[in-house]
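*Asks:* My questions all concern the structure below.
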């Protein structure tokens with residue numbers, strides 16, 4: 001078996017694994033209890049993920065819509081974290097969503113937190129989308145930019161070799177272990193004013209709201225031959 005064939009089989013195995021993970025249904029014992037998460041390791045070194053509301057992307061073109069500083073050119077964003085990628089299955093910005101990626105002493109080695117200030121807006125925005133699996137060849141990251149090792153960029157066109165379609169961002173994030181907190185406007189301002197353990201303790205003190213999207217599952221996956 002040649003290198004290209006082995007690479008394709010490895011990527012196909014990854015897609016099948018992620019499909020099983022994303023289809024796994026978990027139910028909370030109560031509205032306040034965080035759903036048990038499925039632990040998904042970071043992607044292999046030659047693989048990254050990119051989420052989009054658009055399920056029909058054939059080629060990713062570099063764009064300058066979300067550059068992180070004035071010196072950065074148009075780029076394609078991606079992440080080695082399937083968990084983090086699920087947070088981009090809906091459209092949001094920093095005015096009503098606070099995101100953080102923090103070290104954690106668990107099997108995954110990190111936690112992803114989303115604090116959302118407008119639950120109704122979130123549910124209206126949540127139409128599902130797709131997580132694309134990309135080759136990492138043209139990508140790189142800077143530990144001092146954005147989310148560091150969890151945020152990679154490429155200045156070249158990127159062709160995905162597979163995708164997983166989802167009907168709900170909420171369900172995807174819950175199943176993949178994203179810590180979700182729905183708060184009101186005043187609580188959101190308070191969260192932004194806190195740091196470290198103080199923020200953790202405040203969020204733990206809040207009851208987990210009943211914002212469930214039902215038992216949504218990925219609708220399909222699409223491997224693309226290399």
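*Asks:* How do the pairs read when you match residues in segment 113-133 that are free of Cβ contacts under 8 Å to residues at least 60 places away in the same chain with residues anywhere that are assigned to a loop (DSSP other than H, G, I, E, B) and surrounded by 23 or more Cβ atoms within 10 Å (Cβ to Cβ), using Cβ under 9 Å and keeping only pairs 6 or more apart or on different chains?
*Replies:* That search, which allows pairs on different chains as well, returns 125/90.
*Asks:* From the list 122, 77, pick out the single residue that is surrounded by 12 or more Cβ atoms within 10 Å (Cβ to Cβ) and in a helix (DSSP H, G or I).
*Replies:* Of the residues listed, the single one that is surrounded by 12 or more Cβ atoms within 10 Å (Cβ to Cβ) and in a helix (DSSP H, G or I) is 122.
*Asks:* Here is a list: 138, 142. Which entry is touching a residue at least 12 places away in the same chain (Cβ under 8 Å) and more than 17 Å from the chain's Cα centre (by Cα)?
*Replies:* Working: 142 fails: touching a residue at least 12 places away in the same chain (Cβ under 8 Å).
On inspection, the qualifying residue turns out to be 138.
*Asks:* Also: What's the number of the only condition in (1) under 16 Å from residue 98 (Cα atoms); (2) in a loop (DSSP other than H, G, I, E, B); (3) at pLDDT 95 or above that residue 189 fails to meet?
*Replies:* In the conditions (1) under 16 Å from residue 98 (Cα atoms); (2) in a loop (DSSP other than H, G, I, E, B); (3) at pLDDT 95 or above, residue 189 misses (2) alone.
*Asks:* Which residues, counting only those in segment 88-119, are more than 21 Å from residue 187 (Cα to Cα), at pLDDT 95 or above and not in a loop (DSSP other than H, G, I, E, B)?
*Replies:* 88
*Asks:* Follow-up question, since we're still on this one. Select from segment 145-169 the residues that are in a loop (DSSP other than H, G, I, E, B) and more than 15 Å from the chain's Cα centre (by Cα) and write down the one among them that is surrounded by the most Cβ atoms within 10 Å (Cβ to Cβ).
*Replies:* Within segment 145-169, the match that is surrounded by the most Cβ atoms within 10 Å (Cβ to Cβ) is 160.
*Asks:* Here's a follow-up. Exactly one of (1) at pLDDT 95 or above; (2) in a helix (DSSP H, G or I); (3) buried (at least 18 other Cβ atoms within 10 Å of the Cβ) is unmet by residue 172. Its number?
*Replies:* (1)
*Asks:* Within the group 134, 180, 84, which residue is part of a strand (DSSP E or B) and closer than 26 Å to residue 63 by Cα?
*Replies:* 134
The values are calculated or read from the model by the stated rules, or taken from the named source; none is laboratory data. Keep in mind it's a predicted model, so treat the numbers as computed, not measured. Heads up, the Cβs are rebuilt from the backbone with ideal geometry, glycines too, and the neighbour counts pull from every protein chain shown.
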